[in-house]
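Chemist: For reference, the structure I am asking about is given below.
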Amino acid sequence: MAALLEVDGLSVDFAGSQRPIHALRDIRFSMERGRIVGLVGESGSGKSTLSLAVLRLLAPSARIVSGTIRFDGVDILALSDEAMRALRGRRIAMVFQDPMSTLNPVLSVGAQMIDVQFRDADLSRKQKRARAVSLLARVGIPDPERRIDDFPHQFSGGMRQRISIAMALLGQPDLLIADEPTTALDVTLEAQILDLLRDLRRDFAGAILLVSHHLGVVAEFCDEVVVLYAGEMVEQAPVGELFANPRHPYTRALLDCDPGRLPADARSFPTIPGRLPDLGAPRTQCVFAARCPLAIERCRAEPPAMIDVAPGHRASCHLLGG
């Protein structure tokens, strides 16, 4: 099956006060229709930058240095602004992290959901409202015919996130990007939102790129995982393979820090010593070398290449023989 999304050699810099900040370096992965791919890593690893690059919504201070992003065979970095606007929201949609700030507080939910359908000129306002009501019901909003006229502040955080998902799905996108969609929610609502996304993946036959730091969510929800560290890919594998046999020291350190793996009587949480490297510095060594307990002299002398370690499983570490 041909890939729906192909990211090939993507590097993104941000303008710094003295030198560029290398937010992403040589990112390469692809995903097919019907698949859910998780992007995991610490804060500052480049997860949100990558998702915004796919939508071409990077800040003005950002610059795509190299690489391509192909969506359904088309390089979206080569599209005009008008062509990209036609693609964005229609075929690629995004659910942002904070449900409290995603919606416009001075417009009713219905007004916003009708406005989102501005491209559907063949539909009357009544038909657009009916579609909005139908999707609100689909995402679990009770009494949607009445509540569609309510304002965002009249809904809970979980309900707002459901509304955000409904708005993203109005265009029936082929690719849905979900950036930490459950961060602001409690455990019960988190489970409900993930169940909803899983059902929608099946019903809409699209793909989902899930940005998350919650490894339990990734383990249960995703088909494949891409691990980012300091703007670089360090590992990629099917979800079961990654959790059963992580090959990169950073991936193993992330898994060791997962609260779900700790005993019930644990009195402290493990951490990864050290801090992220300087993203403005030249890449002359393994990006994780300063924090890696297994680092050898070669790790500090040259960056490792990404190599295949098992079918569908890649990692970048000198200790793997690359």
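The values are calculated or read from the model by the stated rules, or taken from the named source; none is laboratory data. Here the structure is a predicted model, which means the values were calculated and not measured. Ideal geometry is used to build each Cβ from the backbone, glycine not excepted, and the neighbour counts take in all protein chains shown.
Chemist: Name the one entry in Ala121, Ala78 that is under 26 Å from Asp8 (Cβ atoms), over 21 Å from the mean Cα position of the chain (by Cα) and not polar (S, T, N, Q).
Modeler: It is Ala78.
Chemist: Further, regarding this structure: Report yes if some residue within the range 271-280 is in a helix (DSSP H, G or I) and surrounded by fewer than 21 Cβ atoms within 10 Å (Cβ to Cβ); otherwise report no.
Modeler: No, the conditions are met nowhere in the range 271-280.
Chemist: Another one. Report, by residue number, each residue of the range 297-312 that is part of a loop (DSSP other than H, G, I, E, B), exposed (fewer than 13 other Cβ atoms within 10 Å of the Cβ) and touching a residue at least 60 places away in the same chain (Cβ under 8 Å).
Modeler: Of everything in the range 297-312, just one residue is part of a loop (DSSP other than H, G, I, E, B), exposed (fewer than 13 other Cβ atoms within 10 Å of the Cβ) and touching a residue at least 60 places away in the same chain (Cβ under 8 Å), namely Gly312.
Chemist: Further question on the same structure: Only one residue in Asp13, Asp8 is modelled with pLDDT of 95 or more, crowded, with 17+ Cβ neighbours inside 10 Å and of a type in the set (Asp, Glu). Which one?
Modeler: Answer to the selection: Asp13.
Chemist: Something else now. Scan the range 229-253 residue by residue and report those that are hydrophobic (A, V, I, L, M, F, W, C), buried (at least 21 other Cβ atoms within 10 Å of the Cβ) and not in a loop (DSSP other than H, G, I, E, B).
Modeler: Correct list: Met233, Val234, Ala237, Leu242.
Chemist: Another one. Name the residue that is farthest from Arg283 (Cα to Cα), counting only residues in the range 196-235 that are out of contact with any strand residue (DSSP E or B) (no Cβ under 7 Å at 6 or more places or on another chain), at pLDDT 80 or above and not hydrophobic (A, V, I, L, M, F, W, C).
Modeler: Here the residue is Glu220.
Chemist: Taking the range 108-129, which residues are within 21 Å of Pro173 (Cβ to Cβ) and either in a loop (DSSP other than H, G, I, E, B) or among the aromatic types (Phe, Trp, Tyr) (or both)?
Modeler: Matches in the range 108-129: Gln117, Phe118, Arg119, Asp120, Ala121, Asp122, Leu123.
Chemist: Quick one: count up the residues across the range 130-174 that are out of contact with any Leu (no Cβ under 8 Å at 6 or more places or on another chain), part of a loop (DSSP other than H, G, I, E, B), more than 22 Å from Thr188 (Cα to Cα) and at pLDDT 90 or above.
Modeler: 2
Chemist: I've got another one for you. So which residues in the range 190-212 are surrounded by 15 or more Cβ atoms within 10 Å (Cβ to Cβ) and part of a helix (DSSP H, G or I), if there are any at all?
Modeler: Selection gives Glu190, Gln192, Ile193, Leu194, Leu196, Leu197, Leu200, Arg201, Phe204.
Chemist: Can you name the residue in the range 13-52 that is free of Cβ contacts under 8 Å to residues at least 60 places away in the same chain and under 16 Å from the mean Cα position of the chain (by Cα) and is also nearest to Ala281 (Cα to Cα) among such residues?
Modeler: Per the stated criteria, the residue is Leu52.
Chemist: Taking interchain pairs and intrachain pairs at least six residues apart, which have beta carbon atoms under 6 angstrom, with the first residue in the range 230-253 and in contact (Cβ under 8 Å) with a residue 24 or more places away in the chain and the second assigned to a helix (DSSP H, G or I) and not aliphatic (A, V, I, L, M)?
Modeler: From residues that are in contact (Cβ under 8 Å) with a residue 24 or more places away in the chain, the pairs are Val234/Tyr250; Glu235/Thr251.
Chemist: Please go through the range 24-37 and pick out each residue that is modelled with pLDDT under 95 and in contact with a helix residue (DSSP H, G or I) (Cβ under 9 Å, 6 or more places away or on another chain).
Modeler: Gly34, Arg35, Ile36 - these are the residues of the range 24-37 that are modelled with pLDDT under 95 and in contact with a helix residue (DSSP H, G or I) (Cβ under 9 Å, 6 or more places away or on another chain).
Chemist: Another question, then. Given the conditions (1) free of Cβ contacts under 8 Å to residues at least 40 places away in the same chain; (2) not in a loop (DSSP other than H, G, I, E, B), and given that Pro60 satisfies all but one, which numbered condition is not satisfied?
Modeler: Every condition holds for Pro60 apart from (2).
Chemist: Is there a residue being in contact with a Leu (Cβ under 9 Å, 6 or more places away or on another chain) and either assigned to a helix (DSSP H, G or I) or exposed (fewer than 13 other Cβ atoms within 10 Å of the Cβ) (or both) anywhere in the range 175-189?
Modeler: Taking every residue of the range 175-189 in turn, none turns out to be in contact with a Leu (Cβ under 9 Å, 6 or more places away or on another chain) and either assigned to a helix (DSSP H, G or I) or exposed (fewer than 13 other Cβ atoms within 10 Å of the Cβ) (or both).
Chemist: Shifting gears a bit: Select, from Ile114, Ile76, the only residue that is without any contact (Cβ under 8 Å) to a residue 40 or more places away in the chain, touching a strand residue (DSSP E or B) at 6+ places or on another chain (Cβ under 6 Å) and buried (at least 17 other Cβ atoms within 10 Å of the Cβ).
Modeler: The unique qualifying residue is Ile76.
Chemist: Since Pro105 meets every condition but one in (1) at pLDDT 90 or above; (2) touching a helix residue (DSSP H, G or I) at 6+ places or on another chain (Cβ under 8 Å); (3) in a helix (DSSP H, G or I), which condition does it not meet?
Modeler: Only one criterion is unmet by Pro105, namely (3).
Chemist: What do you reckon, is Ala266 small (Gly, Ala, Ser) and part of a loop (DSSP other than H, G, I, E, B)?
Modeler: Taking the combined requirement at face value, the residue satisfies it.
Chemist: Let me ask something else about it. In the range 258-313, what residues are on the phi > 0 side of the Ramachandran plot and among the aromatic types (Phe, Trp, Tyr)?
Modeler: Those that are on the phi > 0 side of the Ramachandran plot and among the aromatic types (Phe, Trp, Tyr): none in the range 258-313.
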